[in-house]
Structures are given as C-alpha cells and as structure tokens.
1. Going residue by residue through the range 164-177, is there one that turns out to be among the aliphatic types (A, V, I, L, M) and at pLDDT 95 or above?
2. Return the residue satisfying two criteria in turn: it lies in the range 58-89 and is buried (at least 23 other Cβ atoms within 10 Å of the Cβ) and hydrophobic (A, V, I, L, M, F, W, C), and of such residues it is nearest to residue 19 (Cα to Cα).
3. Is there any pair with a first residue in the range 102-116 that is polar (S, T, N, Q) and a second that is open to solvent by 10 Å² or more (accessible area, probe 1.4 Å) and modelled with pLDDT of 95 or more whose Cβ atoms are under 6 Å apart and which are 6 or more apart or on different chains, and what are they?
4. Hand me the list of strands (runs of 3 or more DSSP E) wholly inside the range 301-353 holding 2 or more residues that are open to solvent by 30 Å² or more (accessible area, probe 1.4 Å) and at pLDDT 95 or above.
5. Give the number of residues within the range 18-43 that are under 19 Å from residue 209 (Cβ atoms) and surrounded by 18 or more Cβ atoms within 10 Å (Cβ to Cβ).
6. Note down all Cβ pairs under 6 Å where the first residue falls in the range 119-135 and is open to solvent by 10 Å² or more (accessible area, probe 1.4 Å), the second is of a type in the set (Gly, Ala, Ser), and they're at least six residues apart or on different chains.
7. Can you name the residue in the range 107-138 that is acidic (Asp, Glu) and part of a loop (DSSP other than H, G, I, E, B) and is also farthest from residue 176 (Cα to Cα) among such residues?
8. Residue check: is residue 92 open to solvent by less than 60 Å² (accessible area, probe 1.4 Å) and over 24 Å from residue 217 (Cβ atoms)?
Amino acid sequence: MSLSLRLEVDLDKIKYNAAKVIELCHSRGIAVLGVTKGFSAIPQIVIALREGGVDGLADARMENIFELRNEGCLESITLLRIPRLSDVDNVVKYCNVSVNSEVAVIQALGQAAKKMGVAHQIILMVDVGDLREGIMTENVLDTVRKVVKVEGIRLVGLGTNMGCFGGILPEYNNLNILVNLSKMIEARLGVPMEVLSGGGTSSLLLVEKGEIPPGINQLRIGEGILLGTDTTNHRIIDWLKNDAFVLKAEVIEIKLKPSVPIGNIGRDAFGNIPEFTDVGIRNKAIVALGKQDAYIEGLIPVDKGIKILGASSDHTILDITDTTSKIHVGDELAFHVTYSGLLSVSQSRYVKKVFRKDNIWSN
C-alpha cells in the first residue's frame, strides 16, 4: 500500500456499528437516519450505512445530496440544515424531507413543490434549550396553524437538536417537550405528528438507559455509527467499534531539540502567539501532515506515548520521547480522528481515502 497521507476506512466496522445502533433503536420503536455529512457522503461509506440497515439518509449539505442522487441513491434523504430561501427548488427536487423553522421558507418550498407536482415533507424544528435552530416552544402552535395552510407542503412532525451549539444534553424532560407539543397539536388542530425526531448521537445514551420519552420515534445518527463516540456526553460507546477510521502520515524528520524555541516569540503563521513549557531536550518527529490537510486538534495519536506539540500548514510536530516504539524516518504513524477531525480529512483533497471490506483494501 502507498505510504501517501491517507485515511484508512474499515467499512465492515461501520456496517457493524450501524447494525448495532439500529438494533437497539428499533427495539424502542425508533427509526435511525444515517447522517452522511461527517464524511462528505463518500459513496463507499454510504453503502456501508445502507448495508447496516439505516432507515434513511440525512445530510446538511446540498452538494453532498446532489452527489448521493448522482450515484443512484434512491433512499429517502432528509436535509438537516434549514433550507436557504434561494435554494428551495433544489431542496424539493432532491430531498424527500427538510427540517424548517421559517414560515417564509416553508411557503417558498410549497410554491416549488406545487410547480413540480409533488408534496414536500417537512419537520418543524423546535428549540428546547440548545439555542441553535428552531421555533421557541410558545410559538409552535401558531406556526403550525400557518404551515398547514401551505399548499405543496406536508407537515410530518417535530424535531429538535441538542449539543451542537449550546452543549445542552438531551434529557427526558427536554425531549418530552416534543411529545407534549405533538399531543397538543393533534388535540387542538387535528394534525397528526407522525415523526418526533429527538436529536442525534447525544440522545443515544437515553435509548441505552431506557429513559427516552415514549413517542420519540426518530434519531439522526452520525458520530455514534462512524466513530463509536459521543462527544456531547464525553464518552466512548463501549459496545461499538471505535477505530473504523485511522489517519496515517509518514515521518519526515526526527531530531533531538529543545522544548522552547530560541529567540523572541512573535505570532505563528496563523496569527497566534504560541506558548511553550521548558521540559528540556526532547526527541521530536515531524510528519508530512499539516493544517491544510486536517484539523490537527481533531487527531489523537494511536501510540499513547506520542504527543502532538503543534502544526504548521504542512508539518505536524510530535514529541516521541516517551514512546516505547522505535520510530525512524520513513515510518508511518497512525492517528485516530474525532468527529471534527473526520469532518476535515474527509473533504481534504490531499488525504487519500482507502477502504477495507472483507479484509480487502481498495481505493
């Protein structure tokens, strides 16, 4: 295998994770949308999600959804980012469902849907505390009254998001707001809420504990399936595979060097003033990997004796003093990726992607 900077993707582990998450959620009456934005909807990984049994796909980027459709994907696709008013025609054409919070955009979606002779499904997003997207709870009933009058639109349910902006954890009480709102809408307006979409990976812990409110019947899972982690709850999900993605980079220098730069310190190439602690002479390695390739803060050395000291656009500097491994110039070092790391490397054209399925590697 080429020693170029590459992301190794184990498709069997992703399929395994998808199947395990779906088994758990289905046992609680919850459908799972496989979120593809974290890996830029790379086709081989999408196939692994589909083989794992996801109930549909979801993405925040129309560009990814275009590619999914161009690859022949016929599954239901949900647009996870609130649609742009300027892009409603594409949303209706390429997406089965979109999440929404602005009546003006919903009306425009309705006009586009009428022109195309279809009914576009929407989920109305409700803000239950994270303060990202969504209607405040006290305004939901009035908004539904307006939305149900829009021709070309079918309101299929309510949704919410947590953990992505305010870091608010999903709990029984805040998710139950959706359940109570759905009951109120059905009782007062006679509009059935078929879907109650209760967030993403951060809500999975409630499913594991059996504490998710009855009525929540959809989750949108990306990180949990891909990485077996849950950043919002700061945990590794121990019943899932955690190493489906490994980034590998080649060592291009090894030298004993001081731990503090010599001379007057100004700003680095990115405008930051770096800080250093004097711990004496250290054995340092440089790998052919930089900020232009990946979000360095989203990388974790597989060898726990290696520490990332920092990076420029093209070089990442490592302290290898404490590793028990013998490292030489030309060797490869491996890194786990966090969700933020995966976001960056999946769309970097400088990082080659290789895939393992049934013990066979392919590009």
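1. If we filter the range 164-177 for residues that are among the aliphatic types (A, V, I, L, M), which is where we start, we get 168-169, 175, 177.
Applying the additional criterion that residues be at pLDDT 95 or above yields 175, 177.
So far as the range 164-177 goes, yes, one or more of its residues are among the aliphatic types (A, V, I, L, M) and at pLDDT 95 or above.
2. Going through the qualifying residues, I end up with 58.
3. 107/150
4. 307-311, 332-337
5. So the count comes out to 6.
6. These pairs meet every condition: 127/134; 131/166; 133/101; 134/101; 135/101.
7. So in the range 107-138, the residues acidic (Asp, Glu) come out as 127, 130, 133, 138.
If we keep only those that are part of a loop (DSSP other than H, G, I, E, B) too, we end up with 130, 133.
Numbers: 130: 15, 133: 18 Å.
The selected residue is 133.
8. In short, yes.
The values are calculated or read from the model by the stated rules, or taken from the named source; none is laboratory data. Because the structure is a prediction, the values reported are computed rather than measured. Cβ atoms come from the backbone with ideal geometry, glycine included; neighbour counts cover every protein chain shown. All accessible areas refer to the heavy atoms of the entire protein, side chains included, with ligands and DNA or RNA removed. Shrake-Rupley method; radii C 1.70, N 1.55, O 1.52, S 1.80 Å.
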